[in-house]
Structure formats: structure tokens, C-alpha cells
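The structure appears below as C-alpha cells.
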Amino acid sequence: MSMSPQEPFQNSQQTNNSNDFQPPANLGKIKFMVQMMQNSGNPQAMVQSMLMNDPHYGEIMKLITAHGGDAKAAFYDLAKQKGKDPNEIIRMLQ
């Protein structure tokens with residue numbers, strides 16, 4: 001289950017209109033990962049394990065580090081760069 005930081009946005013149309021937002025083809029995989037994180041007793045340990053087992057997660061950590069360790073800020077900034085509404089992405093994952 002590897003994906004780059006940009007992968008969740010790659011299969012959707014570039015648009016600023018959230019009504020035209022198309023969910024990515026890998027939405028099911030993303031939701032599964034979110035559920036795993038929520039259900040784990042130690043989400044931080046799970047993230048560390050993923051980082052050690054998949055080099056793509058290193059890219060995510062670089063992005064987070066570039067935002068001072070703030071994963072939320074990194075996510076919102078990447079979504080903005082891609083012309084996506086981060087809140088719409090969060091709603092899809094719920």
C-alpha cells in the first residue's frame with residue numbers, strides 16, 4: 001500500500017470548484033489506511049512502521065518536516081497547491 005504525497009490528488013480533476021471534485025480512484029485504500037490509524041492503539045508507532053517499510057512515506061515525512069512538523073498544515077498546503085478543497089477531501093474520508 002504505497003502512495004506518494006501527491007497520489008491522492010492525481011486521479012481527480014484540477015478545479016477549484018468543490019462541486020466538480022472527483023474522488024480519487026484509490027479512495028477505498030485511503031479510507032482503509034485512515035481506519036487502521038484510528039483503530040490502532042498507537043498511531044504514531046504505526047506511522048513509523050509504514051515509514052520504515054515503504055520509501056514513499058519518506059516523501060510524506062519530508063513534506064511534514066518542511067511544514068515544521070505540522071501534518072495538518074502540510075496537508076492543507078498540498079491540497080491548496082493542487083487546487084483542491086482540503087475540507088472536501090476530509091469529508092470523503094469520513
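The values are calculated or read from the model by the stated rules, or taken from the named source; none is laboratory data. What you see is a predicted model, and the numbers here were worked out from it, not measured in a lab. Note that we place each Cβ from the backbone using ideal geometry, even for glycine, and neighbour counts take in every protein chain shown.
Within the range 65-94, being at pLDDT below 90 and within 11 Å of the chain's Cα centre (by Cα) holds for ALA71, ILE89, ILE90, LEU93.
Whether any residue in the range 51-60 is among the β-branched types (Val, Ile, Thr) and in contact (Cβ under 8 Å) with a residue 12 or more places away in the chain is what I want to check. Yes, because at least one residue in the range 51-60 is among the β-branched types (Val, Ile, Thr) and in contact (Cβ under 8 Å) with a residue 12 or more places away in the chain.
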